[in-house]
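Accompanying notes for the structure given below.
Derivation of every value follows stated rules applied to the coordinates shown; laboratory data play no part. Quantities reported herein were computed from a predicted structural model and do not represent experimental measurements. Counting neighbours? That spans all protein chains shown, and the Cβs are built from the backbone with ideal geometry, glycine included.
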């Protein structure tokens, strides 16, 4: 089963929390802080696999969650970092953000890609000991992971794309010039999925051909199978437009040529800019008048024309060699540049904000919420640390801008922390 589109959700692991601990040992009256750091949360990593050519697995499993890092322990013991979650994808998969549609990654090479980074582990209280703060009773919790809703879109990597109406001989052509073995029969939509084949010209000289199925009039708006497979043409460096020069089904090949090009233009105008040659197939069943008429049309259209017979294997060597020479002059297979540059932590979808509601100042800040997760504001040292966080984060400046006064009430939204403001 060929599937070239899927929607999934990924979530990287949370970092482990830093520990609050003090050294306890016989004959040691006041051991110092020894809380260990939390471990890093697991990443979600996309890895290209040469053994995959479909996204069918993602129809059955759509949620991927990495493990969380372990919490820190006493005696300066750091928590264990979580293992990464590796997801194999076929080469040529385009990864998009579901909400914005922006491109996150183009998996055209064999390099792996970290699509969601695990949260960093929190720091234990051992890091906060100072001459004037020898017993810190607070630690930093682990950073949250990243959650993303993604769209996976497979765009095949091929040098040459075969386009044309059903039953014009595309499958027969690719079967005799390459190692591909598609299903061949004398009825429409025999080919239900793109088929790749390698055409070997000589030792060390070859190119990849893709048979793109299902293109008919109306394909760009969903008729036939073309709406599903037009995306695979986008990466092709050049196109072979296969026509039935013998008009065995009663259609005019020149009209077919115009109809298919109109569908490509409606789907993406960039497709018409690709080098395109006309492959006049079935010359063994055509009259001289039919062949001459198509040659004249190709000349007027400014397209190169190659007359072939896939059945009798005539004209194929010239077609493949000339195409190889053209490909040597063309740019490499198209890749898509990432356009997505936002990487929110879970819950961090809003910037810090301060609002006054009936004389009470409400602060929304994920940074402060994480910092206060394990802090005890009744402890003087914890309170001093928290006040530094207010200044460092810019929250205090926003409070002053709203006219906060001594002993006004401040609430940290989301975690229920409430205190009186002091200069």
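Numbers below:
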item	result
Taking 307, 236, 195 and counting other C-beta atoms within 10 Å, the order from fewest to most	307, 195, 236
All-pairs Cα distance distribution in the stretch 77-177, expressed in whole percent, bin size 5 Å	2, 9, 12, 12, 10, 10, 9, 8, 7, 5, 4, 3, 2, 2, 2, 1, 1
Radius ratio Rg over Rh of the chain, counting only Cα atoms, Kirkwood formula for Rh	1.22
Stokes-Einstein diffusion coefficient of the stretch 1-156, Kirkwood radius over Cα pairs, 37 °C, 0.692 mPa s, in µm²/s	190
Rounded to 5, the percent of DSSP beta bridges in the chain classed as antiparallel	60
Span per principal axis, largest first, for the Cα atoms of the stretch 225-338 (Å)	51, 29, 26
Cα centroid separation, the stretch 57-79 to the stretch 388-417 (Å)	34
Highest to lowest packing among 73-84, 238-249, 115-126, scored as the average C-beta count within 10 Å	115-126, 238-249, 73-84
Ranked packing of 6-15, 285-294, most packed first, by mean Cβ within 10 Å	6-15, 285-294
The chain - mean residue ellipticity at 222 nm from DSSP helices (-39,500 (n - 2.57) per run, n ≥ 4, rounded to 500)	-5500 deg cm²/dmol
